[in-house]
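Inspection log for the structure reproduced underneath, given as structure tokens.
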Amino acid sequence: MITKNIMNQIKTHAVHQDWEVAFGGKSRGNSHLFRVNKIVLFLADKEKANKEIAEAGGWLHDIGLIAGNDNDPEAIRKIAEDFLRTLPIEQDQISAISDCVAAHEGDAEAMGIGAQIVHDADVIDKTGMLGMIRHTWKIINLINPEATTKEVLETLTVHLRKRQNNLYTETAKRIARDLDNRTRDVFHQEKKALKLVDSIIQFTKEGLISDIIAQRLSEKSDLVTRKLIQDQLGCGYLD
């Protein structure tokens with residue numbers, strides 16, 4: 001059993017690493033881990049999975065970012081296992097949680113239902129408008145700071161479609177499909193899409209984190225876009 005105290009230690013460690021170490025502290029204050037765990041618990045309930053394992057995996061799923069590499073499953077597994085071994089939990093739990101962490105990204109296949117849920121929860125939070133914002137932030141901060149608005153938009157379209165095609169659970173596929181359809185409605189006009197992406201790029205260059213960018217974008221958007229952003233920030237689409 002993973003006690004509440006142990007889960008709080010896992011959460012505290014994961015948030016500290018995400019805010020203070022990953023990306024050199026540039027994403028301090030973002031709520032991605034908190035949203036992912038809301039989604040994890042929702043999916044675990046719907047898919048009848050072990051909530052303790054999935055929740056712990058959800059908190060730790062981005063732990064590989066502290067080493068600057070979130071696409072090396074074995075390296076990520078080692079980082080997770082090294083931390084988990086400092087806690088009073090069983091080896092089978094350590095292995096199961098580490099499976100969730102290692103398989104959430106990259107080419108590793110998520111075999112267990114817990115790992116599939118963590119993977120899918122992460123994808124869902126990176127779908128829709130938040131996905132557009134988060135990946136634009138990543139492009140400008142880490143990949144190509146000089147990318148044009150049109151280049152970013154073209155990259156986003158391919159990137160988000162690829163992510164959604166890799167979902168495992170039927171519950172996640174339904175949620176992602178709904179978010180994708182709502183986002184397509186927002187981006188169906190190229191002129192409007194370019195304007196939105198340009199705003200995201202400018203906010204990113206001001207040094208804002210993705211969550212704050214989402215709030216700023218919401219404030220200056222039409223009602224449809226605002227509702228979509230607010231639903232994603234608060235996980236209001238979970239039912």
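All of the numbers you see were taken from the coordinates with simple rules; none came from a lab. A quick note: this is a predicted structure, and the numbers were derived from the prediction, not measured. Please note: Cβ atoms are built from the backbone with ideal geometry, for glycine as well, and neighbour counts cover all protein chains shown.
So here's what we get for this one:
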quantity	calculated
Estimated vicinal HN-Hα couplings, Hz - region 210-226 in sequence order (Karplus 6.51, -1.76, 1.60; Gly, Pro = x)	4, 5, 5, 4, 4, 5, 4, 5, 4, 5, 9, 9, 6, 4, 5, 5, 4
Under Karplus coefficients 6.51, -1.76 and 1.60, residue-wise ³J(HN,Hα) of region 43-50 in Hz, glycine/proline x	5, 4, 5, 5, 9, 6, 9, 6
Contact order relative to length of region 4-120, as percent, for alpha carbon pairs under 8 angstrom and 6 or more apart	27 percent
Fully extended contour minus Cα-Cα distance, from Lys162 to Arg177, at 0.36 nm per residue	4.1 nm
Residues Asp185 and Asn144, FRET efficiency given R0 of 35 Å [Cβ-Cβ distance, rounded to 0.05]	0.80
Shape category assigned to region 4-120 from the gyration tensor of Cα positions, a/c cut at 1.5	rounded
Inter-label distance for Lys46 and Lys195, nm, one decimal - labels placed 7 Å from Cα along Cα-to-Cβ	3.3 nm
Residues Lys150, Lys11 arranged by fewest to most Cβ contacts within 10 Å	Lys150, Lys11
Computed P(r) (all Cα pairs; the chain; 5 Å bins; percent)	1, 7, 15, 19, 20, 17, 12, 7, 3, 1, 0, 0
Protection-proxy order for peptides 185-198, 34-47, each taking the mean of Cβ atoms within 10 Å per residue, highest first	34-47, 185-198
Normalised contact order of the chain, rounded percent, pairs of Cα under 8 Å and 6 or more residues apart	20 percent
Phi-based couplings in Hz for region 24-39 (Karplus 6.51, -1.76, 1.60; Gly and Pro marked x)	x, x, 5, 9, 3, x, 6, 9, 4, 4, 5, 5, 4, 6, 4, 5
Contour excess over end-to-end distance, with Cα ends at Glu219 and Thr12 and 0.36 nm allotted per residue	71.4 nm
Helix-only CD estimate at 222 nm, as mean residue ellipticity for the chain, using -39500 (n - 2.57) per DSSP H run (n ≥ 4)	-21000 deg cm²/dmol
